[in-house]
Amino acid sequence: MTGEKSYFVHESAYVDEPCEIGKGTKIWHFCHVMKNSRLGEDCVLGQNVLVSSNVTLGNNVRVQNNVSIYTGVTCEDDVFLGPSMVFTNVINPRSAVQRKNEFKETIVEKGASVGANATIICGNRIGKYAFIGAGAVVTKDVRPYALIVGNPGRQLGWISEYGHRLKFDDEGYAKCPESGQKYRLIVDEVVKLEE
């Protein structure tokens, strides 16, 4: 751990050394943060969270109860991981076969949300501001702003940075009902328009 203790660790949690923990981060009951992991500023790890070695969490990442973030996972800024969601890190695990050299990288880009009990199969990229519905199973890359549901996960539509379904008009424009942000759909890709 580096610098002054500008973060909170509950007395029942374990934080191995060395690791980096940003200012304002809170690590709650029964968590385990393993060595060489990096947690940004203002993260919150709920009860019973495991952060494996060499995991990177950006700033303002929210990890709800009972989540294990395995080696090979990177979460960028403002990611939300819902209760009991699951990451994997090996495609074909076997108890009697060591495959630590086969860990696959999984990237969760800025602002994405993963719902409760969802499963993210390793080796995939979750695009920025994508929304993975509760219980969905992600088996392939997810586009930015995509809404994914079901098993296997399939795209149901598009979602705004504020988490609202986007309804595109005939010309491919949509507006978030909460923020007023405007979006454009161009050949299966959503972009936020600058004001």
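Only the coordinates and a few stated rules stand behind these numbers; no lab work does. These figures come from a predicted structure and were not determined experimentally. When we count neighbours, we look across all protein chains shown, and the Cβ atoms used for this are built from the backbone with ideal geometry, even at glycine.
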Rounded to 0.05, the calculated FRET efficiency for the beta carbons of F168 and E105 at R₀ = 25 Å is 0.20
Spelling it out for W158: with amide H atoms placed in the peptide plane at 1.01 Å from N, the residues 5 or more places away or on another chain with amide H under 5 Å from its amide H are L147, L166
For S84, placing the label point 7 angstrom along Cα-to-beta-carbon and taking region 120-134, residues whose amide nitrogen sits under 19 Å are 120-121, 132-134
With +1 at each Lys and Arg Cβ and -1 at each Asp and Glu Cβ, the charge dipole magnitude of the chain around its Cα centre, to the nearest 20 debye, comes out at 580 debye
Residue-ordered couplings for region 32-41, obtained by feeding phi - 60° into the Karplus form 6.51 cos²θ - 1.76 cosθ + 1.60 and rounding to whole Hz (Gly and Pro as x), are 9, 9, 8, 4, 6, 8, 10, 10, x, 7
Calc'd 3J(HN,Hα), region 78-83, phi into Karplus 6.51 cos²θ - 1.76 cosθ + 1.60 (θ = phi - 60°), Hz, glycine/Pro = x, comes to 6, 7, 10, 10, x, x
Residues whose modelled amide H sits under 5 Å from the amide H of V86, counting only those 5 or more places away in sequence or on another chain, are A118, T119, I120
quick shape note, the chain: Cα extents on principal axes in Å, largest first -> 55, 42, 22
Quick numbers on region 143-195, Rg and Dmax over C-alpha atoms in Å, give 11.0, 37
Out of L147, F168, Y70 - ranked by how far each Cα lies towards the positive end of the dipole of the chain, with unit charges on the beta-carbon of charged residues - the top one is Y70
For K26 and A134, extending 7 Å from Cα along the Cα-Cβ vector and measuring point to point gives, in nm, a value of 2.2 nm
Counting only DSSP loop positions in region 1-75, the GluC sites (Glu not before Pro) whose Cβ has at most 11 other Cβ atoms within 10 Å are E4, E11
Projecting the Cα atoms of N89, I159, A116 onto the charge dipole of the chain, where Lys and Arg contribute +1 and Asp and Glu -1 at Cβ, the residue farthest towards the positive end is N89
Once the in-chain neighbours fewer than 8 apart are removed, the lysines whose Cα is under 17 Å from K167 read K175, K182, K192
Along region 116-122, Karplus-curve 3J(HN,Hα) (6.51, -1.76, 1.60; θ = phi - 60°) to the nearest Hz, with x for Gly and Pro, reads 4, 6, 6, 10, 10, 6, 5
With Rg from the Cα atoms and Rh as the Kirkwood inverse mean 1/r over Cα pairs, region 1-70 has an Rg/Rh of 0.90
